[in-house]
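The values are calculated or read from the model by the stated rules, or taken from the named source; none is laboratory data. These numbers come from a predicted model, not from an experiment. In case anyone asks, the SASA skips ligands and DNA or RNA and just uses the protein heavy atoms, side chains included. Shrake-Rupley method; radii C 1.70, N 1.55, O 1.52, S 1.80 Å.
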Amino acid sequence: MAVRRDDRRRLRRIEEGLASTDPDYARRLRRCADRLAEHSAPAAAEPVPRAALPLLWGAVLVAALVLVLATALAA
């Protein structure tokens, strides 16, 4: 899942705060995250964004219209 830039920035600040207040705990969390990353499956493809769906449908409708017009003019 993609993480927005603002959220990444917030998470980085939280991580830096944790590292400064409890460096041992932050180190253990980092090691655990590294182990999880080594054993995790590849990320699945992200779904099509909702904003792209009207564009996709518009393209399909235009293609259908062109096909209908081309067959009508050829007859």
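Using only protein heavy atoms and a 1.4 Å probe, report how much of D24 is accessible, in Å² to the nearest 10.
70 Å²
Once you compute Rg and the Kirkwood Rh from C-alpha atoms, what is the Rg to Rh ratio for the chain?
Reported Rg/Rh (Cα atoms, Kirkwood Rh): 1.41.
Ignoring any ligand, DNA or RNA, what whole percent of the accessible area of the chain comes from carbon and sulfur when the probe is 1.4 angstrom?
C and S atoms contribute 65 percent here.
Could you give the accessible area per residue of the chain, probe 1.4 Å, as a whole number in Å²?
About 96 Å² of surface per residue is accessible.
For region 17-34, just list the computed ³J(HN,Hα) in residue order, Karplus coefficients 6.51, -1.76 and 1.60, θ = phi - 60°, integers in Hz, with x standing in for Gly and Pro.
Once θ is set to phi - 60°, the couplings for region 17-34 become x, 5, 5, 7, 8, 9, x, 5, 5, 4, 5, 5, 4, 4, 4, 4, 5, 5 Hz.
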